[in-house]
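The values are calculated or read from the model by the stated rules, or taken from the named source; none is laboratory data. What you see is a predicted model; the values in this text were computed from it and never measured. Virtual Cβ from ideal backbone geometry, glycine too; neighbours counted across all protein chains shown. Heads up: the accessible areas ignore ligands, DNA and RNA and are worked out on the full protein's heavy atoms, side chains in. Shrake-Rupley method; radii C 1.70, N 1.55, O 1.52, S 1.80 Å.
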Amino acid sequence: MNQAAPAPKENMGNPVPRIDARLKVTGQAGYPADLATANVAYGVLATSTIAKGSISALRLERARAVPGVLDIVSVGDMDEVDKPEFGNAGASSIAPLHDKTIFHDGQIIALVVAETFEAAAEAAMLIRADYAQETPSASFDSRGTRIEPAAGKSPMYKENLKAGDFDAAYAAAAVKIDQKYSTPTQHHNPIELFSTTAWWQGDQLTVHEPSQNVTGWKTELARQLKIDPANVRIVSPYIGGAFGSKGPMTARTAIVAVAARRVGRPVRCVVSRMQAYDTQTYRAETRHRIRIGANRDGRITAFGHEGWEVTSRLDPYVVGGTSATSRMYNYGSVLTRVSLVHADRNTPGYMRSPPETPYVYALENAMDEMAVELGMDPVEFRRINEPEKEPIGGKPFSSRSLIKCYDQAAEAFGWSKREAAVGSMRDGDWLVGMGCATAIYPTAAAPCAARVRLTDDGHVRVQSGSHEIGTGVRTVAGQMAAERLGVDIDKVSVEMGDSTLPPAPVSGGSISTASVCSAVLKACDAIREKLFTAAVGEGGPLAGSGNAMLEMEKEAVVTDSGKSARLSDVFNAMQIGALEEYAEFAPKGSSPEALKKLYAGQAEFHGGDQDEDSVKYAYGAELVEVRINSYTREIRVPRIVGAFAAGRIMNTRTARSQLMGGMIWGIGQALHEATEIDRRHARYVNRDLQDYLVPVNADIKQLEVILVPEVDHAVNPAGVKGLGELGNVGTAAAVASAVYHATGRRIRDLPIRIENLIV
Ligand code: MOS
């Protein structure tokens, strides 16, 4: 099974295949809604047909008359429980069924429970509501939106960052650009649909639901239901795509739990893909104004980034990606400002690489425009503006290998063959363009607990309530244990995705590998310590080797002089058959309450721009070739090379896979993805995978990932920088720059489609 290279080279981990790969490809890795549940009843949501107003009457008679209908939970039936909250684990404070107000199109107005899915679906369709309807505000530029400064409205966005005197520096700059960019509404569209299955055994509630945050949900659900969190169990062993969409808990979870209590049996609600557009989170549309001033030699003197984001009426959801863009280059002076635009929409949420994806898209486009203004190669322009320290607080970077990434990507891509003049590269009917962009993602970690058990026959069990969202975290956590305890990965089992396991933070912000591996490392080291002490102690198999350096290899404890003792002999000397250790990891700088908060499901993030000693980011350079048909304007991306540096790479196979998937998604953001909104009704129009475009195999040609070696011990004990979200940051800007290089057309609003290139 393990075809890995014997020794890790240059901080690169073994490319062990995912330990759950066989289960995944043989269909045995069931998603939460696939898990067998005896006597289950089926729930189907009914949703509002207006975006703003209130329900004046709800007519349920025809629905109730459908044979097999057991119950309908609707407005007023949630009075006994508390409203959902926006914030830590909750997606939104919009509380459907608590009051009659409608805040967005597709808001839940009832849950029908029936003996069969078909009966529930039929009944849900027969529910009619009378509304007092008001004109909704759909998005930017709609009448009736409320605009407010984002700073201080959310822990995610505390302040508008500044450095130096932007106005003066920009006014004095020899070369300037001032441009606007935008990104569209996007929906995650995971292949696994959203679902909740809930049942009660006495006062014990069990919920099967795909989740990136089982501990947070346990706490939040218990709060809403006014019960002890100890009585709530969230189970989510395998997930079919999350990307942030399964991070925050939505209002549905408590509604299904209430329904299950009312009918006295398990209730399963699988949300249709169309309904998920409104009842789950998404990435809201963003707008950006970027101003850059530079000297004629290409050194930037002023950088201004203003962002606008759409959110719901009630919740100040903000991504605010100026934290990364304002630390990207050596700017001299910085001005940032982010504003929220409240509209009659469901509350947005995290979507892969928030907030960098939209904000860096704007920055990197502007960087390309500036390079053109300066008549400079765009890679060279980035090189000239490489900072010694980050511009906002003057802190050092814990490590920063961006230029190495550009060097290696440029070499592999053949960037030197790029002809600078716009429209000068051509291959038959195809216009050829080459573009580049920087990828950046903050490196954070959060407190995490893990339990590790080693038995005398060399089997290891790792337990941590993290979540396998497709990144391979199960595998890398297993690798960490295998490596520290000197056993083969085939002898390691890893349990995750259950709130009864030792708590782990939300699997978001690319923190899982660093956080979980650091906790596993700590538990393993406690086991090693006990084994080493026993091995060299009185009666131990290595008695008398007290000063030797000890290691674990091949199910043995070995000394630096080559003496070794089999694991079973060490256990024998201890007169036990297994060692189990529970470890709690808290990142450097954690508050005294950080661990308590971990158990309450509140992840305290450290790293990124938060730490005193340094700023911590992973970087990459992405180079893209596009070809545009000179007659049809069809846009193709035949080639993309990404070079990434992200500290210690636990597993080169899973890392490559994440980065590759990220870049593919980036191509999708550049050319395909957009949720269209009917502005009259504030309604999403293309609510399925037929009309919501994503790249397919035919869209993706040659794609190369280079893992640039990097050692960074400042980030966390595991030395790991997260890379689950790094790959798609910058890709869309690289594509846009390449399109410009091929055609002379600068498309500043995503996605770039054929119609944008037809004159
Ligand atoms: Mo990721 S969007 O932070 O789950």
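Residue 735 - would you say it is among the β-branched types (Val, Ile, Thr), under 24 Å from the mean Cα position of the chain (by Cα), in a loop (DSSP other than H, G, I, E, B) and buried (at least 21 other Cβ atoms within 10 Å of the Cβ)? The answer is no for residue 735. Of the candidates 184, 237, the single residue that is modelled with pLDDT under 95 and more than 16 Å from the ligand (Cβ to nearest atom) is 237.
Look at residue 741 and say whether it is away from the ligand (no atom under 16 Å from the Cβ), open to solvent by less than 30 Å² (accessible area, probe 1.4 Å), more than 24 Å from the chain's Cα centre (by Cα) and not acidic (Asp, Glu). Yes: the conditions hold for residue 741. The residue that is farthest from the chain's Cα centre (by Cα), counting only those in the range 683-732 that are in a loop (DSSP other than H, G, I, E, B), more than 16 Å from the ligand (Cβ to nearest atom) and among the basic types (Lys, Arg), is 701. When 477, 446 are checked against the criterion of being within 16 Å of the ligand (Cβ to nearest atom), under 23 Å from residue 662 (Cβ atoms), touching a strand residue (DSSP E or B) at 6+ places or on another chain (Cβ under 8 Å) and of a type in the set (A, V, I, L, M), a single residue qualifies: 446. Filter the range 744-758 down to the residues that are open to solvent by less than 50 Å² (accessible area, probe 1.4 Å) and within 17 Å of residue 177 (Cα to Cα), then identify the one that is nearest to the chain's Cα centre (by Cα). Looking at the filtered set, the residue picked out is 747. A single member of 647, 620, 666, 642 is buried (at least 24 other Cβ atoms within 10 Å of the Cβ) and on the phi > 0 side of the Ramachandran plot, and it is 647.
Just checking, does the range 422-433 include any residue being within 16 Å of the ligand (Cβ to nearest atom) and either touching a residue at least 60 places away in the same chain (Cβ under 8 Å) or in a loop (DSSP other than H, G, I, E, B) (or both)? No, the range 422-433 contains no residue that is within 16 Å of the ligand (Cβ to nearest atom) and either touching a residue at least 60 places away in the same chain (Cβ under 8 Å) or in a loop (DSSP other than H, G, I, E, B) (or both). The number of residues in the range 352-388 being within 16 Å of the ligand (Cβ to nearest atom) and either part of a loop (DSSP other than H, G, I, E, B) or among the small types (Gly, Ala, Ser) (or both) comes to 4. On the stretch given as the range 627-682, residues that are part of a strand (DSSP E or B) and either among the small types (Gly, Ala, Ser) or within 30 Å of residue 18 (Cβ to Cβ) (or both) total 11.
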